[in-house]
Amino acid sequence: MTQVLLLDGLRRVDATTPVVRADDLGVLRGESVFETARIAAGRAVFLDAHLRRLAASAERLDIALPRGWEALAEAACQGKDDGVLRLVCTKGPPPLGFAVVTDVPEETLRAREHGVRVMTLTLGVTALQRAEAPWLLGGVKSTSYAVNMATLRYAHDEGADDAIWVSSDGEVLEAPTATVAIVRDGVLFTPPSSVGILAGTTLQGVLDLERVPATVRRIPAAELHEADEVMLLSSVRGVAPVTALDGRELGIGPVTKDLREAFEASLS
Ligand SMILES: Cc1ncc(COP(=O)(O)O)c(C=O)c1O
């Protein structure tokens, strides 16, 4: 069941009630920011990190972020054992903040357990392009996710569950809704945010567990194709094994399995 709470006064509204104005720049120009967090045991997981990223995204979009997000998240998650919390702030003017709470989709639970089959697709920019051109909004979590969704639709049409974006000069970037990590000879590698990708809260949570040696560095696509294990990391799916990449069967490797178990256990 979907629940909606407004930042202003922590007012609960029916999910079918319109809350955003038609002339809001979030609607007209896609100028809104958002965060998606996992709800576990009645709390939003890594809330501080999500709120820091929300604030950084808002600054990049020149959105005057209102206050009160901790209280909004707390009220929205109350009594919910497991679920998805979305925090959204439109540009307005005036900016409008709200929370949407939903159940975890079956498809997400399946991906967490059984993994995803993935294809690589180009993002059409060089690895450093987005860092050099801040107007391309690399690392910003705005609601302008139409390209991300179109990428997923394309992958689905091609028979894959998900995609990994590769830069035009052949480096691993990220997935449309997840961070990418690979394992080679027992070491985890993941690309740095300097290639214009979102700094993942799940990746940080997994690295903080210190269960595997890890190196953050740029990854040529050839290394992705030779990796022993590949995984997608994101708030709600958690650690999702990539079981096939561009048709190469990978299965679920021991490092991915261990990280997934340890990560899930750390949330309870
Ligand atoms: C483009 C992109 N990269 C990475 C991530 C992973 O971020 P997090 O682990 O904070 O959910 C997401 C999450 O939605 C995303 O949309």
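For V100, the solvent-accessible surface computed with a 1.4 Å probe is close to 30 Å², ligands and nucleic acids excluded. Overall, the ratio between the Cα radius of gyration of the chain and 2.2 N^0.38 Å, rounded to two decimals, is 1.00. When a 1.4 Å probe is rolled over the protein heavy atoms, the share of accessible surface on the stretch 107-267 that falls to carbon and sulfur comes to 51 percent.
Extents of the stretch 1-61, largest first, come to 37, 31, 20 Å (Cα atoms, principal axes, whole angstrom).
Within the listed set D208, D185, D62, the Gaussian network model of the chain (springs between alpha-carbon atoms below 10 Å) gives the highest mean-square fluctuation for D185. Ligands, DNA and RNA are left out, and with a 1.4 angstrom probe the accessible area of the stretch 3-104 is 51 Å² per residue.
Counting only lysines at least 8 places from K91 when in the same chain, those with an alpha carbon closer than 18 Å to its own are K141. In this view, the solvent-accessible surface of R218, computed with a 1.4 Å probe and all protein chains in place, comes to about 100 Å². Over the chain, dividing the summed -39,500 (n - 2.57) contributions of all DSSP H runs of at least 4 residues by the number of residues returns a 222 nm mean residue ellipticity of -8500 deg cm²/dmol. Counted as membrane-span-like here are DSSP H helices of the chain whose alpha-carbon atoms extend 27 Å or more along the helix's own axis and whose Kyte-Doolittle mean is 0.5 or above; there are none. Of the solvent-accessible surface of the stretch 1-106, computed with a 1.4 Å probe over protein heavy atoms with every protein chain present, carbon and sulfur atoms account for 52 percent. Per residue, the convex hull spanned by the Cα atoms of the stretch 176-268 measures out at 94 cubic angstrom.
The values are calculated or read from the model by the stated rules, or taken from the named source; none is laboratory data. Everything numeric here is computed off the predicted structure, so don't read it as measured data. These accessible areas exclude ligands, DNA and RNA; they are computed on the full protein's heavy atoms, side chains included. Shrake-Rupley method; radii C 1.70, N 1.55, O 1.52, S 1.80 Å.
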